[in-house]
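Down below is the structure, laid out as structure tokens.
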Amino acid sequence: MHTDKLVDEKSVSIAAKLLEQGELVAVPTETVYGLAADARQPHAVAKIFAAKGRPADHPLIVHIAHASKLSDWAKTVPDTALLLAEAFWPGPLTLILEKQETVSDVVTGGHPSVGLRCPAHPLMLALLNELDTDRCTFCESL
């Protein structure tokens, strides 16, 4: 398994390519460093569980670039969720919403909900924006 660490703006493009290839990347958020995988690739997500020895029923948080991506992951987005996102994102707020049917059970640990967050760290946001807008990464603290 290949894992690289996101440390500066030059590494953002490299990290994005690795994520698209199903690899893991260590990324900063405003609170911790985490392991990231492309959340649309269940085999890549499974690598996080394997690397951490994490139980498969413990969900991970999907990181998105902005609130407009909530509906890509959540079946419904209540007005209160949008208000919270507008008030506290980017930042250390995770919204737990009912997942879209297209969201892999690997990501959610088999649960019907998904955790969504827009991180405040500039490198993580740069990485999310480098990936095309239909993709996200998700993280687990190291």
### Task
Using a 1.4 Å probe over the heavy atoms of the protein chains, calculate the carbon and sulfur portion of the accessible area of the chain as a whole percent.
55 percent
### Query
Evaluated at 25 °C with a viscosity of 0.890 mPa s, what Stokes-Einstein diffusion coefficient in µm²/s does the chain have when Rh comes from the Kirkwood expression over alpha-carbon pairs?
167 µm²/s
### Query
Using 0.36 nm per residue, how much length does the chain from ALA46 to ILE96 gain when fully extended, once their Cα-Cα distance is taken away?
15.9 nm
### Task
Express the accessible area of the chain per residue in Å², computed with a 1.4 Å probe while the remaining protein chains stay in the model.
48 Å²
### Task
Report, in whole Å, the centroid distance computed from the Cα atoms of the range 79-118 and the range 63-77.
7 Å
### Where Cα atoms sit under 22 Å apart: lysine pairs in the chain separated by 8 or more or lying on different chains
8
### Query
Out of LEU84, LEU97, LEU60, any idea which swings most in a Gaussian network model of the chain, alpha carbons joined below 10 Å?
LEU84
### Message
Sort THR102, THR94, THR76, THR108 by heavy-atom solvent-accessible area, probe 1.4 angstrom, most to least.
### Response
THR102, THR76, THR94, THR108
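The values are calculated or read from the model by the stated rules, or taken from the named source; none is laboratory data. Bear in mind that the values here come from a model prediction, so they are computed numbers and not experimental data. Heavy atoms of the whole protein, side chains included, go into the accessibility calculation; ligands, DNA and RNA do not. Shrake-Rupley method; radii C 1.70, N 1.55, O 1.52, S 1.80 Å.
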